[in-house]
Amino acid sequence: MFKWFKKVVPVVEAAREAGMPGTSGEASGAQHRSQSMDCKQRGNGLLAQGRLEEAAACYRQAIALHDGYAEAHLNLGFVLKEQGQSAEAQRHLAQAARLDPAMADAFYLLGSLSWEQGDPDTAARHFNQALTVKPDFEQVYRDLCDMHVQRGQNESARQVLLRGLANYPQSADFHADLGSLYFHENQFEQAIVCYQKALLIQPENTLVHSNLAKVFLEQGDIEQAKASYRKAASLVPEDVEADSCLLYALSFDADSSAQQYLAQAREYGGKVLERAVPCTSWPVCQPGSKAAPLRIGLVSGDLRLHPVGFFLEAILAHLDPAQVQLVAYSMTPREDQLTDRIKPHFAGWYPIRALDDATLARQIQDDGIHILMDLAGHTGDNRLPLFAWKAAPVQVSWLGYWASTGVPGMDYLLADPVSVPAEHRHHFTEQVWYLPHTRFCFTPPVDHAQLAPTLLPAAHNGYVTFGCFQNLTKINDAVLAAWGRIFAALPQARLRLQNKQMGSPVARAQLLERLSKVGIAPQRVKLEGSIPRQAYLAVHAEVDMILDTFPYPGGTTTCEALWMGVP
């Protein structure tokens, strides 16, 4: 649920009329240039009003009067880019850059076009040329940084931000983006420093408060995370994302009761309902509409190498497309090999990050969806507010989240009697619908034949090795206290703990200190950072038994341990 700062330049304004090219001394030429300038100025006025077609006509007229008018080519290129006419936009922007090599806006827009067209190397070249011409071009630093981040080039992104900060040391956005880079590298202390610098400049920046909360949550500091999410929510009450993040944080909180969580979830549900216009009829429910095949829409940001993707993959191969058609509404930011494997099982696949809820709700109706399924709950890249629009006659939450969404219009939550005992069904706004055995369907890992269970390590070690592969956020003080009692009873036992946060030296040191306080000495502990899934599964051979967490238990890690023969 972490966000980058991103701004868009809405209008390209003329800047250098006095330097407009032309042949001096020619009266007719001067008159044409004057008329051309007038046309361009009228175009700017129309552009400011959002009247793109009329603005484009003015710019074309300006160019017809004087083809060497760089500003007119620039602004026409901008309008054409906004209209999606990329090829023609590129021609005019390139002409503007040729006529005036100092025109930074032209290089910036050429870079944006190249990035949109999937040519990041050319985009980087144009962006850097824009910065050569105009070293204080703030937007270019942002977009170039964003491009590097999306390509996984964190160090390049950091260098761009540092250059930006040299020009804009009081930019809260640059400090915050630098913090986000550190966050993704599990350098939490540096991330906090950067976010706090941003808040000194802009104390009421809701995005910084939300990102700071995410760092606290990753460190297992639930109280600080809740406080920061509540601050973000109070600053922009109409933005429900911070409320969703708060619910996610509460699901880890041993001190929050089920009643408190449900009350917060209902409050969230009320907010999203206020912004929705729920559908009351659906084309698929009209008389004469076809009953089969059943069309099920899946809304997820995790159709990739992710626990949701892992569980989903096993199910897809067993569905009969003559009876069930799947349509993906994907919030997935970056597709991968698992995405490639599951795509053929879908009758339709639609990226939806750029669509607002009203537009997406109409599309889902037009697609003839009978059942719309949420696979995210209050985790990252969710589209829960969409479900308040009741885009399908039946809406279900499943797989990606354990607790209630709180969203009106979410009819059911798929569970099993173990994960939601009958006496706990009243803790959900949804009707809990029980699957016959389990809510999970485990997908064996690729090349699983190489991952056969092994003999117990204790047989040759002479002591029991406990393992935990849970996120640090789940390892609260109550969990550690329980582990302390176990290790006190087994003075020779060892602990092997592995998660992404343990890639941070600071996080490792802090956890070792917490373990020591409950009587588990550092020499009894082995801490490891994240590794590829196949290697992570293989290290179960070093573990005799898994220690689970509470109140947020393992899901994927539990199934993986059982698959590897570890109780």
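Just checking, does segment 54-75 include any residue being of a type in the set (G, A, S), touching a residue at least 24 places away in the same chain (Cβ under 8 Å) and open to solvent by 50 Å² or more (accessible area, probe 1.4 Å)? There is no residue in segment 54-75 that is of a type in the set (G, A, S), touching a residue at least 24 places away in the same chain (Cβ under 8 Å) and open to solvent by 50 Å² or more (accessible area, probe 1.4 Å).
Output the number of residues of segment 303-332 satisfying the condition of being in contact (Cβ under 8 Å) with a residue 60 or more places away in the chain, surrounded by fewer than 20 Cβ atoms within 10 Å (Cβ to Cβ) and not small (G, A, S). Within segment 303-332, residues that are in contact (Cβ under 8 Å) with a residue 60 or more places away in the chain, surrounded by fewer than 20 Cβ atoms within 10 Å (Cβ to Cβ) and not small (G, A, S) number 4. I'd like to know if segment 334-350 contains one or more residues that are at pLDDT 95 or above, among the small types (G, A, S) and in contact with a Phe, Trp or Tyr (Cβ under 7 Å, 6 or more places away or on another chain). No.
Checking each residue in segment 463-490 for being farther than 11 Å from P553 by Cα, out of contact with any helix residue (DSSP H, G or I) (no Cβ under 9 Å at 6 or more places or on another chain) and not small (G, A, S) picks out Y463, R485, I486, L490.
For P408, the conditions (1) in contact with a Phe, Trp or Tyr (Cβ under 8 Å, 6 or more places away or on another chain); (2) open to solvent by 10 Å² or more (accessible area, probe 1.4 Å) are fulfilled apart from (1). Inclusion of S300 among residues that are closer than 25 Å to R362 by Cα and either open to solvent by 60 Å² or more (accessible area, probe 1.4 Å) or modelled with pLDDT of 95 or more (or both) is warranted. Restricted to segment 122-132, and to residues there that are crowded, with 19+ Cβ neighbours inside 10 Å and not small (G, A, S), the residue that is farthest from Y168 (Cα to Cα) is H126.
Helices (runs of 4 or more DSSP H) fully within segment 470-567 that include at least 3 residues being small (G, A, S): 477-489, 505-517.
Condition check ((1) open to solvent by less than 10 Å² (accessible area, probe 1.4 Å); (2) closer than 26 Å to P321 by Cα) across all residues:
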{"position": "W349", "(1), (2)": "no, yes"}
{"position": "R353", "(1), (2)": "no, no"}
{"position": "T359", "(1), (2)": "no, no"}
{"position": "R362", "(1), (2)": "no, yes"}
{"position": "D367", "(1), (2)": "no, yes"}
{"position": "I371", "(1), (2)": "no, yes"}
{"position": "F387", "(1), (2)": "yes, yes"}
{"position": "L399", "(1), (2)": "no, yes"}
{"position": "W402", "(1), (2)": "no, no"}
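Determine whether V149 is free of Cβ contacts under 8 Å to residues at least 24 places away in the same chain, under 29 Å from S210 (Cβ atoms) and either touching a strand residue (DSSP E or B) at 6+ places or on another chain (Cβ under 9 Å) or assigned to a helix (DSSP H, G or I) (or both). Against the criterion (free of Cβ contacts under 8 Å to residues at least 24 places away in the same chain, under 29 Å from S210 (Cβ atoms) and either touching a strand residue (DSSP E or B) at 6+ places or on another chain (Cβ under 9 Å) or assigned to a helix (DSSP H, G or I) (or both)), V149 does not qualify.
Selection within segment 333-347: residues that are within 16 Å of the chain's Cα centre (by Cα) and exposed (fewer than 14 other Cβ atoms within 10 Å of the Cβ). The member of this set that is nearest to G152 (Cα to Cα) is R334. Only residues that are surrounded by fewer than 24 Cβ atoms within 10 Å (Cβ to Cβ), under 25 Å from F127 (Cα atoms), in contact with an Asp or Glu (Cβ under 7 Å, 6 or more places away or on another chain) and of a type outside the set (S, T, N, Q) were counted across segment 159-217, and they come to 1. Give the number of residues within segment 443-496 that are open to solvent by 80 Å² or more (accessible area, probe 1.4 Å) and hydroxyl-bearing (S, T, Y). The number of residues fulfilling the criteria is 1. All conditions in (1) more than 36 Å from the chain's Cα centre (by Cα); (2) closer than 30 Å to A172 by Cβ hold for A62, with the sole exception of (2). If the condition is being in contact (Cβ under 8 Å) with a residue 40 or more places away in the chain and open to solvent by less than 30 Å² (accessible area, probe 1.4 Å), then segment 76-102 contributes only F78. Can you list residue pairs whose Cβ atoms sit under 8 Å apart, with the first residue in segment 209-220 being in contact (Cβ under 8 Å) with a residue 40 or more places away in the chain and within 15 Å of S251 (Cβ to Cβ) and the second being among the small types (G, A, S) and open to solvent by less than 20 Å² (accessible area, probe 1.4 Å)? Count only pairs 6 or more apart in sequence or on different chains. Cβ pairs passing all conditions: K214/A225; L217/A225; L217/A249.
The values are calculated or read from the model by the stated rules, or taken from the named source; none is laboratory data. Keep in mind that what you see is a predicted model, and the values were worked out from it rather than measured. Cβ coordinates were reconstructed from backbone atoms using ideal geometry, including for glycine residues, and neighbour counts include every protein chain displayed. Side chains are part of the model used for accessible areas, which takes the heavy atoms of the whole protein and leaves out ligands, DNA and RNA. Shrake-Rupley method; radii C 1.70, N 1.55, O 1.52, S 1.80 Å.
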